[in-house]
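Shown next, in structure tokens, is the structure this report addresses.
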Amino acid sequence: MTLDLARYRDVIEDRDYPTVRAWRERTGGKVIGCFPVYAPVEVPYALGMLPIGLFGGGNRIEIANADSRFQSFICSIVKSTLELAFVGKLDLVDGLLFHSICDPARNLSSVMERNFPQRPSIYVHLPQNMTSPHAAPYLASELRRVGAALAPIAGRTLTPEDLARSIEAYETVRHLLRELYALRSQAPERISTGELYTLARLVTLMDPADSAPILTAAHAATRDRDARPKDRIRVVLVGSFCEQPPLELIESLEESGCYIVNDDFLLGWRWAQRRIRPNSDPFLQLAHAYLDESEHLRTKHDLRQPRAQALIESARAQRADAVIFLGAKFCEPGLFDYALYRKALDQNGIPHLFLEFEEKMWLYDRIRSEVETFVESMLFAEAVS
Ligand code: SF4
């Protein structure tokens, strides 16, 4: 299989969702739009539907209708996802999945339901108390409820066997993504973050059975690339777990002198830290995996693992020279995290830079010069030490 990254890039930027349309025509199946972060995509896929990532309109769509439904201080992804619905771009979506990550996402679910009653919006109530002995059984029952709510759209009922097969399909893709992430960390000159992001985003728009061969080919093509390391600093990037920055901005960060060796882009599509092997109760197993083995963020409300400490450990494990916080404008969960991160990074002597983005931004000169100055100061300090 040839690796056509330029074509994949066009696909992920195209809000006519060509891979989703092609899948629909080929299979006649239904499509479920999944708002980030931790949508349980395994459930609709187990019902023969295609779950796709709804990551807003990017910088290709003008907000004309959604502004009248939300206040001005709401993040862009909420408004542009609603705008996609108003301009008919979500007509190929048969239902929507939202879950309890923040108030704007919760409100978007209700606004969608009210404005587009023909397209069911299903809201997943994730547990907020991770240590309760009832958390896992509760979440398992919630996943069953979601399956039952989706069943009329799918035209069939959900069985544990279907869910086990679905978990396996997504585990295959997550495993391949973990390999690509590991490759980038080891040799970031062989696969850029722009390339890795393109592949990871493609996963959110394809059947896992179709995206897995692409990831396998990508690993084979990049693993042995003959690329010389550049004089760049290694950075861990955090803050972009929900709304996604423009791909051009990610590339600007790299061109400004950074090797991004870890990030939280599209985290919900690669949430499992370890491989999940389905057992006789895949609902309960998925619940346990989310509670105890998922990448955690402010939106998960897990007080057992201090996130700032996890960031310090990640930076050390990745041999990072610095941390860049790239947060979406008006994203409260992200900004709350930054306050904790900043203190811990200062205490541990890890240089850091705060940047803010909006998905619809076009100009990157200011951010680029900020990053260049940051990188130069670090390389200069290294040279004189
Ligand atoms: S970007 Fe932040 S505030 Fe907006 S929906 Fe996502 S988590 Fe919520």
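Distance between the 7 Å Cα→Cβ label points at Ser68 and Phe86: 0.7 nm. Packing, taken as the mean count of other beta carbons within 10 Å per residue, orders the peptides 206-215, 232-241 from highest to lowest as 232-241, 206-215. Peptides 87-96, 374-383 ranked from most to least packed by the mean count of surrounding Cβ atoms within 10 Å: 87-96, 374-383. Cross-link partners for Lys360 among the lysines, with Cα-Cα distance under 25 Å and sequence neighbours closer than 8 places in the same chain left out: Lys79, Lys89, Lys329. Computed from the Cβ-Cβ distance with R0 of 30 Å, the FRET efficiency linking Glu189 to Gln128 stands at 0.10. Secondary structure note: in the chain, about 5% of the DSSP beta bridges are antiparallel.
Quote the FRET efficiency, to the nearest 0.05, computed for Arg114 versus Glu370 with a Förster distance R0 of 45 Å and r equal to the Cβ-Cβ distance. E(calc), rounded to 0.05, equals 0.65. The value of relative contact order for the chain, using C-alpha pairs under 8 Å at least six residues apart, is 20 percent. Length gained on full extension, Asp16 to Ser314: 103.6 nm, using 0.36 nm per residue less the C-alpha separation. If you wrap the Cα atoms of the chain in a convex hull and average its projected area over all directions, you get 18.6 nm². Relative to the current alpha-carbon distance between Lys329 and Gln273, full extension at 0.36 nm per residue lengthens the span by 17.4 nm. Size descriptors for region 106-227, from the alpha-carbon set: Rg then Dmax equal 19.0, 54 Å.
How far apart, in nm, are the 7 Å Cα→Cβ label points at Asp231 and Ala6? In this crude spin-label approximation the distance works out to 3.1 nm.
Taking only the Cα atoms of region 54-115, the radius of gyration and Dmax are 10.8, 29 Å.
The label-point distance for Ser280 and Arg24, in a model that sets each label 7 Å from Cα toward Cβ, rounds to 4.1 nm. Placing one equal scatterer on every Cα of region 224-380 and applying the Debye formula, the log10 ratio I(q)/I(0) at q = 0.11, 0.17, 0.21 Å⁻¹ is -0.48, -1.05, -1.43.
Values quoted throughout were computed directly from the atomic coordinates according to the rules given, and no laboratory measurement underlies them. Bear in mind the structure is a predicted one, so any value in this text is a computation, not a measurement. Note that we place each Cβ from the backbone using ideal geometry, even for glycine, and neighbour counts take in every protein chain shown.
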